[in-house]
Amino acid sequence: MRGVMRWMVWLVVALAALLVGCKGTAGDETAAPERTALPAAPRVAATAAATVAPSPTATATMAAPSERRLRYTIDRSALPPLNYPALTLRIFVGAVHEVAVAAEGATDHWYDPESGWVTVTTEASEVEVILQGTVETDGFGQAALAPLKGGKAWAWSHSMDDNGNLRAAIAVLEQFGWRGTLYLVADWITPEGTDSYLLDEGELRTLLEKGWALGNHTRDHQCDPEQIDRQTVIDGEERLRAIAASSTRPGYRLSSFAAPCMEWTYDPLLREMMAAGQTEALFNEADKRDDGYQNYYRIVVAAEGEVEEDWRTVRFDPALPVGRNFDFESAEEGKGPQMVKAHVDDISALARQGAHFWYNTASHGSGEERLLEVATHIYTNYGPEGTDEVWVAPAEEIYSYLLLRELAVVTRINER
Ligand SMILES: [Zn+2]
C-alpha cells in the first residue's frame, strides 16, 4: 500500500438517482449481527463521525426496519485517462434486509448476508448505499478497495501476438464469454476484406467493438537491438489509433505495448517516450531484461503477509513491465497447458490464504488447442461453472484496475 494522502482532493458530484435493487437475503433485523474480522482500509478516510447515533427505530432490539445511507466519493483526478474506470469497493454493513446503490454511472453490486459485506463496482464518482433494516454493528460503513474487480480472488489475462492464424483462438476465448489482447504489427494489418491468414482492419475494428484490447507491437517487428528506433513504436500506435478512431470506441487509449521478441531494450526506450509524451502507452507487457527483472508473469496484487518473490513471481508495480508466460505454447516436457493449469491451481490455493495474483499468458497463431485446454480448465474449476473466483479480462483492464486502486481516493463523506 502506498501513501496517497497527497491525492486527497474532494470531488462531490451531483447524484442522479439510479437505484439498483439488490435482493434482500439477510435474516430478520432482530438477529444478532454477525461479527466479522475486518480488513484494514487505509485508503478510505472517514470524514464524518464513524458512528452516528442510531435513530430510535434503528437499534438492534427493535423490530421496525430502519434506513441508513452511506456515501462515498471516488476521486480519480490523479489518474491518466483510462479505458476502464471501474473500481470495486467493499463496504461492511452487517445484517440488513435490503441493499440498494445509487450512483451516476455504470454500477453493480452484490451483498453477502453471511459476511455482511456489500461489494460495489462502479464507474461513478460518488456512490450512495441505501440500507433497509440495519442493526447496530461494529465496523458499520467501513470500506476497503477490493484487490481485484468484482471482488474476485485472482485474475487471468491472455494475449496473442503477430496478427496471423489467430481466428480460431479468438473464437475459443469468445466461447467462454472472455476477451484478451491482440498485439499487432502495423505493417502486417491487411486492408478490410482481404482474404488472408492475417487479421484485417475490419476484423480488428469489430474485435475492438466487442471488447477486445488492441496493443502496439510496433510497425515492423524489429527484434535487432541495433535497429530499434522510436519511430517504429510511434507508427505502430498511430495505425491502431486510426482503426479505433473509425470504430464505436473512438477514444480508445492504446495503453499497452509489447516488445517484439520480448526484446528488453525496448523498455528504456518506451519509458523515455512515456516521459516525453510521445506515446499513450502506460505499460510494456514484455518483462524480460538482461538483469534484474526476468519475465515475472505471476504478479502479486495483494497479500496479507509476505510473499516470497521466487521464480516468475513479483509484487505489482505500475512502473514496471508485466511479464507473459509464453511457455503456454511450448510442447516441451513440463511446459505447455499442463504447466499453466498447475500454476492457476496453485494461485487459486494461495488466494484462499489471502494472496491475490494476476496471471498473464501469451501465445502466437495456431495455438487454439492449447488455449482451449487451459480456458476449459479455468472456466469449469474457477469460472462460472466452478467457484466463480476468477476475473478474466484483457491485461489492459487488469492493469487499469490496479492503477486505480493505487491512485484513486475513496472518501466516506457522511451518513444520514
Ligand atoms: Zn511478435
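The set of residues in the range 102-130 being more than 24 Å from Glu406 (Cα to Cα) and out of contact with any Phe, Trp or Tyr (no Cβ under 9 Å at 6 or more places or on another chain) consists of Ala102, Asp112, Pro113, Glu114, Ile130. The set of residues from the range 216-249 being within 16 Å of the ligand (Cβ to nearest atom) and outside any loop (DSSP other than H, G, I, E, B) comprises Asn216, Pro225, Gln227, Thr232, Val233, Asp235, Gly236, Glu237, Arg239, Leu240. Answer with yes or no whether Glu333 is more than 21 Å from the chain's Cα centre (by Cα), outside any loop (DSSP other than H, G, I, E, B) and surrounded by fewer than 22 Cβ atoms within 10 Å (Cβ to Cβ). No, not satisfied. Does Ala213 satisfy the condition of being within 27 Å of Glu272 (Cα to Cα) and away from the ligand (no atom under 15 Å from the Cβ)? Criteria met by Ala213. Taking the numbered list (1) open to solvent by 20 Å² or more (accessible area, probe 1.4 Å); (2) part of a helix (DSSP H, G or I); (3) under 27 Å from Leu182 (Cβ atoms) in turn, Pro318 passes all entries but (2).
Contact map, the range 166-191: first residue closer than 11 Å to Ala375 by Cα and free of Cβ contacts under 8 Å to residues at least 40 places away in the same chain, second residue among the basic types (Lys, Arg) and open to solvent by 20 Å² or more (accessible area, probe 1.4 Å), Cβ cut-off under 7 Å, separation 6 or more or different chains; the map is empty. For the range 256-281, taking the residues that are within 14 Å of the ligand (Cβ to nearest atom), open to solvent by less than 40 Å² (accessible area, probe 1.4 Å) and in a helix (DSSP H, G or I), the one that is modelled with the lowest pLDDT is identified as Met262. Spot the failing condition for His97; the list is (1) farther than 30 Å from Ala281 by Cα; (2) open to solvent by less than 30 Å² (accessible area, probe 1.4 Å), and only one is missed. Only one criterion in (1) farther than 30 Å from Ala281 by Cα; (2) open to solvent by less than 30 Å² (accessible area, probe 1.4 Å) is unmet by His97, namely (2).
The condition of being farther than 30 Å from Thr380 by Cβ and aromatic (Phe, Trp, Tyr) holds for only one of Trp188, Trp156, Trp117, that being Trp188.
The rows are residues; the columns are (1) within 16 Å of the ligand (Cβ to nearest atom); (2) open to solvent by 30 Å² or more (accessible area, probe 1.4 Å); (3) in contact with a Leu (Cβ under 9 Å, 6 or more places away or on another chain); (4) outside any strand (DSSP E or B).
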{"residue": "Ser115", "(1), (2), (3), (4)": "no, no, no, yes"}
{"residue": "Val118", "(1), (2), (3), (4)": "no, no, yes, no"}
{"residue": "Ile130", "(1), (2), (3), (4)": "no, no, yes, no"}
{"residue": "Phe140", "(1), (2), (3), (4)": "no, no, yes, yes"}
{"residue": "Ala144", "(1), (2), (3), (4)": "no, no, yes, no"}
{"residue": "Ser157", "(1), (2), (3), (4)": "no, no, no, no"}
{"residue": "Ile170", "(1), (2), (3), (4)": "no, no, yes, yes"}
{"residue": "Trp178", "(1), (2), (3), (4)": "no, no, no, yes"}
{"residue": "Leu182", "(1), (2), (3), (4)": "yes, no, yes, no"}
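Against the test of being open to solvent by 40 Å² or more (accessible area, probe 1.4 Å), more than 16 Å from the ligand (Cβ to nearest atom), closer than 18 Å to Lys149 by Cα and not hydrophobic (A, V, I, L, M, F, W, C), the options Thr380, Thr387, Thr376 yield a single qualifying residue, Thr387. Of the residues examined, Ala362 is not one that is under 29 Å from Ser125 (Cα atoms), assigned to a strand (DSSP E or B) and touching a strand residue (DSSP E or B) at 6+ places or on another chain (Cβ under 8 Å).
The values are calculated or read from the model by the stated rules, or taken from the named source; none is laboratory data. Predicted model, so just to flag it, every value in this text is computed and none were measured. Note that we place each Cβ from the backbone using ideal geometry, even for glycine, and neighbour counts take in every protein chain shown. Only protein heavy atoms, including side chains, enter the accessible area calculation; ligands, DNA and RNA are left aside. Shrake-Rupley method; radii C 1.70, N 1.55, O 1.52, S 1.80 Å.
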